[in-house]
Amino acid sequence: MSFEETGILDTWLGNLKCLNVKVKKMFGCHCLYCDGQAVGWIHESVMSLREVGLDYLPKDIKRPSKEDKIQELVIPLDYATADWLPRAVQDTADIRKKNG
């Protein structure tokens, strides 16, 4: 893992330290797990969070259409320290766990 990659990963995970999160390197990305649920990916400078219908995210985060094969929200690094991010990660894990 390069120094830059480590720094970006630390930036994303720094705001999530209050959660039970882990990352696992796979497919050239880092899969993000919260409470044992795969909730998204961290790749280069973005986080892709699984789409579960959260209604409190900023309007500029593009939602996939129902027809899109990949159902993920692409969150730019600018939001790595956003107040809503830990809640979004935890809610995504909870919804995925509930929906099995």
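The listed residues are D35, D60, and the only one of them that is farther than 14 Å from A93 by Cα and either over 13 Å from the mean Cα position of the chain (by Cα) or surrounded by 15 or more Cβ atoms within 10 Å (Cβ to Cβ) (or both) turns out to be D60.
Residue check: R96 meets all listed conditions (1) under 22 Å from T11 (Cα atoms); (2) open to solvent by 50 Å² or more (accessible area, probe 1.4 Å) but one, namely (1). Considering the conditions (1) hydroxyl-bearing (S, T, Y); (2) within 10 Å of the chain's Cα centre (by Cα); (3) surrounded by fewer than 17 Cβ atoms within 10 Å (Cβ to Cβ), S65 is excluded by exactly one of them, (2). The single condition among (1) in contact (Cβ under 8 Å) with a residue 24 or more places away in the chain; (2) surrounded by 16 or more Cβ atoms within 10 Å (Cβ to Cβ) that A82 does not meet is (2). Note on segment 68-79: among residues that are farther than 21 Å from L16 by Cβ and open to solvent by 80 Å² or more (accessible area, probe 1.4 Å), the one that is modelled with the lowest pLDDT is I70.
Could you look through segment 38-57, keep only residues that are touching a His at 6+ places or on another chain (Cβ under 8 Å) and closer than 15 Å to V21 by Cβ, and pick out the one that is most open to solvent (accessible area, probe 1.4 Å)? Break it down into steps so the answer makes sense when it comes.
The first filter runs over segment 38-57 and keeps only residues touching a His at 6+ places or on another chain (Cβ under 8 Å), leaving 41-43.
Within this subset, residues satisfying the condition of being closer than 15 Å to V21 by Cβ are 41-42.
Working: W41: 54, I42: 7 Å².
Of everything passing the filter in segment 38-57, W41 is most open to solvent (accessible area, probe 1.4 Å).
The values are calculated or read from the model by the stated rules, or taken from the named source; none is laboratory data. Model, not experiment: these values are computed from the prediction. Glycine gets a Cβ as well: all are built from the backbone with ideal geometry, and neighbour counts include every protein chain shown. Protein only, heavy atoms only, side chains kept; ligands, DNA and RNA dropped before computing areas. Shrake-Rupley method; radii C 1.70, N 1.55, O 1.52, S 1.80 Å.
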